[in-house]
Amino acid sequence: MQIRLDARDYAASVVAVPPIALNADLTVNADANAAIIRHIEEGGVGILLYGGNANLYHFGLEDYRAGMQAVIAAASPETRIITSIGPDFGKALAQAPIARDLGLRNVMLLPTQFPADPAGVANGVRRLAAVLGHGLVLYLKRENYVDPDELGRLVSEGAVDFVKYAVERPDPAQDAYLDAIIAAIGKDRMASGMGETPIHDHLGGRSLTTYTSGAVCIAPSAAMELLRLYKAGRGAEAFELSRPFLEFEKVRAELGGLQVLHDGMRLAGIADTGPLMPMISNLNAEKLGPVGVAVKALQVAEADCLRRAGKPSVSALA
């Protein structure tokens, strides 16, 4: 049985958002997923979130069960796992008993883009929390997905434990909705949810408790150092360290966030992630070039971080 995360747990770690490796027949590749988890854990990361990057949107119920069983079997006892359900209410309702039966006590509701409205989302969250017997992590992906005051009530009722905030802005510093959410529930219950792109403001400016990342799956030690620097108020150093992460996120934005991370794990030599579950496709050979360049920059950052810490590097670039 997994222990439920609290604010102190979130504050202590970047939240890694890994892909799920598959075999050619789309079954779960337990060995490859174990290799991914070991690499992340060796970098000091203590929280794994399986959701968008794992492409759980397109997993059937048995695929979902198999994927989560493989993750649970591979993770160390100290590692905390967040699974995801949804995005639609019916699928979430069907997945909730699976998560509960597997002992997964940290559950995120994937965002429904259409059809959904703020009052309906709040109603669904309450019903799902009642089925699970505990609060959810709520993924905010668009403006006014849930009314801030209503979110405050959901938190007070115990229906929501934590928020992953991922509403994209041209300038992250200009975000009235985020400010309203912080006013309603505080900063300790919030993670910046869009990788490294907005964290100079979200961590350095607004002091959210942590951030979620895909690139951390390639460079976990460097990502943890990045979190520590922002928490120590060393924003200039943090921004400099973030450059290869930001470049990786730029490539993801151009070529596809799930696809770049999924195939990037293979290019990094961490694990053969195999095909993506339809309706997402792997990158073609022409697009792999810029991904490889961005991956190598992350590996250099990871090797440099390990050297600064006096630790042996697992990178071929060390």
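Some notes on this structure:
- Among residues of region 154-174 that are without any contact (Cβ under 8 Å) to a residue 60 or more places away in the chain and farther than 10 Å from LYS141 by Cα, those with a Cβ under 8 angstrom from a residue that is among the acidic types (Asp, Glu) and surrounded by 23 or more Cβ atoms within 10 Å (Cβ to Cβ), sequence gap 6+ or separate chain, pair up as VAL155/ASP161.
- A single member of LEU203, LEU208, LEU140, LEU154 is in contact with a His (Cβ under 6 Å, 6 or more places away or on another chain), surrounded by 16 or more Cβ atoms within 10 Å (Cβ to Cβ) and modelled with pLDDT of 95 or more, and it is LEU208.
- Check on VAL314, of a type in the set (A, V, I, L, M, F, W, C), more than 23 Å from ALA11 (Cβ to Cβ), surrounded by 14 or more Cβ atoms within 10 Å (Cβ to Cβ) and at pLDDT below 95: yes
- In region 278-287, the residues that are surrounded by fewer than 19 Cβ atoms within 10 Å (Cβ to Cβ), touching a helix residue (DSSP H, G or I) at 6+ places or on another chain (Cβ under 9 Å) and either modelled with pLDDT under 95 or not hydroxyl-bearing (Ser, Thr, Tyr) (or both): PRO278, MET279, ILE280, ASN282, LYS287
- Residue pairs whose Cβ atoms lie under 7 Å apart, separated by 6 or more positions or on different chains, with the first residue in region 179-206 and part of a strand (DSSP E or B) and the second basic (Lys, Arg) and surrounded by 24 or more Cβ atoms within 10 Å (Cβ to Cβ), are ALA191/LYS164.
- Verdict on PHE59 being closer than 27 Å to GLY120 by Cα, touching a residue at least 12 places away in the same chain (Cβ under 8 Å) and more than 18 Å from the chain's Cα centre (by Cα): no
- Tally of residues being within 19 Å of the chain's Cα centre (by Cα) and surrounded by 20 or more Cβ atoms within 10 Å (Cβ to Cβ) across region 234-250: 5
- Being acidic (Asp, Glu) and over 30 Å from GLY67 (Cα atoms) is a property that holds for ASP179.
- If you go through region 207-243 and keep only what is hydroxyl-bearing (Ser, Thr, Tyr), in contact with a strand residue (DSSP E or B) (Cβ under 9 Å, 6 or more places away or on another chain) and in a loop (DSSP other than H, G, I, E, B), you end up with just THR209.
- When region 211-233 is limited to residues that are buried (at least 19 other Cβ atoms within 10 Å of the Cβ) and without any contact (Cβ under 8 Å) to a residue 60 or more places away in the chain, the one that is farthest from GLY52 (Cα to Cα) turns out to be LEU229.
- Residues of region 152-170 satisfying the condition of being among the charged types (D, E, K, R) and under 13 Å from GLY135 (Cα atoms): ARG153, GLU157, ASP161
- Qualifying residue in region 255-263 (condition: of a type in the set (Val, Ile, Thr), closer than 30 Å to ARG189 by Cα and under 16 Å from the mean Cα position of the chain (by Cα)): yes
- Test result for ARG153, farther than 23 Å from VAL17 by Cα and basic (Lys, Arg): yes
- Subset of region 274-302 that is of a type in the set (A, V, I, L, M, F, W, C) and in contact with a strand residue (DSSP E or B) (Cβ under 9 Å, 6 or more places away or on another chain) - its residue that is nearest to PHE248 (Cα to Cα): LEU276
- ARG307 meets each of the listed conditions (1) without any contact (Cβ under 8 Å) to a residue 12 or more places away in the chain; (2) assigned to a loop (DSSP other than H, G, I, E, B) apart from (2).
- Taking region 261-284 as the range and being in contact (Cβ under 8 Å) with a residue 40 or more places away in the chain and part of a helix (DSSP H, G or I) as the test, the residues that pass are LEU261, HIS262, GLY264, MET265.
The values are calculated or read from the model by the stated rules, or taken from the named source; none is laboratory data. Keep in mind that what you see is a predicted model, and the values were worked out from it rather than measured. Counting neighbours? That spans all protein chains shown, and the Cβs are built from the backbone with ideal geometry, glycine included.
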